[in-house]
Amino acid sequence: MRSMVNRRQFVKAVGLGALAGAGMGTVGAQAAAAAQSDANGNKSKLARLLPGCCAYSYDNELRHGPMTLEDFILKAADLQLSGVDMTAYYFKSTDPEYLHGLRHLAYQHAVAFSGAACGVSMVQADAAKRAESLAQIKKWVDVTDLLGASHLRIFAGELPKGSSLKDAVDWVVESMKAACDYSGKKGITLGVEDHEGVTQSADLCVEIMQRVNSPYAGINLDITNFIPTPAQDAYAQIAACIPYATNIHIRDHFYDNSAVDMDRVWQIFARAGHQGFVSAEYEASYPGSPPPDLGVPRLVNEIRTLCRKYSSV
């Protein structure tokens, strides 16, 4: 009687061999293998990391010319990116005709919209202002839907004077629950960014996710915005938030201009089996930074190389 090979074992063995043979590299294949099972032997997913770029990388050019979002989409195609993050600051309008034009142009050049991004903040001490923020988020959910994207980045915001951190987190949870109820009906996920203010620590980001408790809620993970604490450095906070990460934004330096160990960060992504866009968010304003025409391609190339090293595709 012939011995039967377990199908899952066969797929696992062949799949990992193919990854290594396809140029993923020994380290990347090892990381992929590590992502196959947890400490209890339970099967987990392989990392699938897609290189992208945020429109904010060309902030000055988009705000003051000569670049348009149409130019940004074409630039992404030239850079051979998988997707782009479309920031609301640069939209000429929110008219359906304009948004559909951007959507069609992106399709023509095989550029996906990894998501849209707006600047709405949810931390408002006044109930009427919180209601207005929620209305604005819903508006941008509708814009995201017209654009054909499935993710919208939002902010918590800075703590108002005289307010407690507990109150602020309560307001974010209240607003985000209601916003996710709305966005979920359109299949759109909301990612609150770990950004200056209430969400600048992993502990509070995770608390918000656990309390919102929605499949349409996540963390728009900017790897460089965390403030280190005695218990967690920036890398530990990235690891704590990666299970909730939706989109990931990448700079190569922290807020104090110290260098990011990019390979270490991608190992965190691989171990978590993260699947999604990893997008350059270049900032030319840091000391010694070259202009975007030079800096963005350099950062994109580093992201692409790491994605190939640690990803299953």
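The values are calculated or read from the model by the stated rules, or taken from the named source; none is laboratory data. Quantities reported herein were computed from a predicted structural model and do not represent experimental measurements. Note that each Cβ is placed from the backbone with ideal geometry, even for glycine, and that neighbours are counted across all protein chains shown. In case anyone asks, the SASA skips ligands and DNA or RNA and just uses the protein heavy atoms, side chains included. Shrake-Rupley method; radii C 1.70, N 1.55, O 1.52, S 1.80 Å.
Couple of notes before you dig in:
- For residue 305, the accessible area of its heavy atoms, probed at 1.4 Å with every protein chain present, is near 90 square angstrom.
- In this structure residue 308 has an accessible area near 140 Å², from a 1.4 Å probe over the protein heavy atoms.
- In the chain, the longest principal axis of the Cα atoms and the axis of helix 262-272 are about 80 degrees apart.
- Shown is the FRET efficiency for residue 203 and residue 94, computed with R0 = 35 Å from the Cβ-Cβ distance and rounded to the nearest 0.05: 0.50.
- Degrees between helix 7-19 axis and first principal axis of the chain (Cα, 0 to 90, nearest 10): 80
- Stretch gain in nm, segment residue 182-residue 213, where the contour uses 0.36 nm per residue and the Cα spacing is subtracted: 9.7 nm
- Linear extension gain, residue 229 paired with residue 298, 0.36 nm per residue minus alpha-carbon span: 21.8 nm
- Projecting label points 7 angstrom from Cα along Cα→Cβ for residue 289 and residue 170 puts them 3.8 nm apart.
- Local charge for residue 268 was computed over the other residues whose Cβ lies under 13 Å away, with Lys and Arg +1 and Asp and Glu -1, and equals -1.
- Burial order of peptide ranges 118-129, 59-70 (average beta-carbon count within 10 Å, highest first): 118-129, 59-70
- Folded to 0 to 90 degrees: helix 127-147 orientation relative to the chain principal axis, Cα: 50
- Other residues whose C-beta falls under 10 angstrom from the C-beta of residue 53 contribute a net charge of -1, scoring Lys and Arg +1 and Asp and Glu -1.
- Extension gain, residue 48 back to residue 135 (0.36 nm per residue minus Cα-Cα distance, nm): 27.9 nm
- Computed packing ranks the peptides 188-194, 99-105 as 188-194, 99-105, most packed first, by mean other Cβ atoms within 10 Å.
- Under 14 Å, Cβ to Cβ, from residue 70 - net charge with Lys/Arg +1 and Asp/Glu -1: -1
- Computed E for residue 110/residue 255 - FRET, C-beta separation, R0 25 angstrom, nearest 0.05: 0.15
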